[in-house]
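Worksheet: one structure, shown below.
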Amino acid sequence: MEIKKSQVRESIMHLKGSKKFFDYVWEHIQQHTKAYKNPRVNYLLDAFLYDGKRIKFDENYSSLEEKILFALIKYIRQKKISSN
């Protein structure tokens, strides 16, 4: 799935995240998907591979894009918290 900047922005706004957090998430996504022209994640069944880890979809959402984006944002948020 190709990840678009506007989708990430809308998802973070839905979660009531800040612009600073959006910038952090977008930078993180770009750094971890440098091999592709456009940022993307590969998925299979109910999970996707990111940062060398298998991340389960967030089943609280209906569309595939939302399941992936919200799970990815939560993963990056937890990684940021644990690194501080």
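The values are calculated or read from the model by the stated rules, or taken from the named source; none is laboratory data. These numbers come from a predicted model, not from an experiment. Neighbour counts are summed over all protein chains in view; Cβ atoms, including those assigned to glycine, are modelled from backbone coordinates with ideal geometry. For accessibility, only protein heavy atoms count, side chains too; no ligands or nucleic acids. Shrake-Rupley method; radii C 1.70, N 1.55, O 1.52, S 1.80 Å.
Computed quantities for the displayed model
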| quantity | calculated |
| --- | --- |
| The chain, relative contact order [Cα under 8 Å, separation at least 6], % | 27 percent |
| Of all accessible heavy-atom area on the chain, the percent that carbon and sulfur account for (1.4 Å) | 51 percent |
| Per residue accessible area of the chain, 1.4 Å probe, in Å² | 67 Å² |
| √(5λ) per eigenvalue of the Cα gyration tensor, the chain, largest first, Å | 17, 15, 13 |
| Distance in nm between pseudo-label sites at E65 and Q7 (7 Å out along the Cβ direction from Cα) | 0.6 nm |
| The chain, helix-only ellipticity at 222 nm - DSSP H runs n ≥ 4, -39,500 (n - 2.57), divided by all residues, nearest 500 | -17000 deg cm²/dmol |
| Charge dipole magnitude, Cβ of K and R +1, D and E -1 - the chain, Cα centre, debye nearest 20 | 320 debye |
| The chain: DSSP helices with Cα axial extent of at least 24 Å and average Kyte-Doolittle hydropathy no lower than 0.0 | 64-83 |
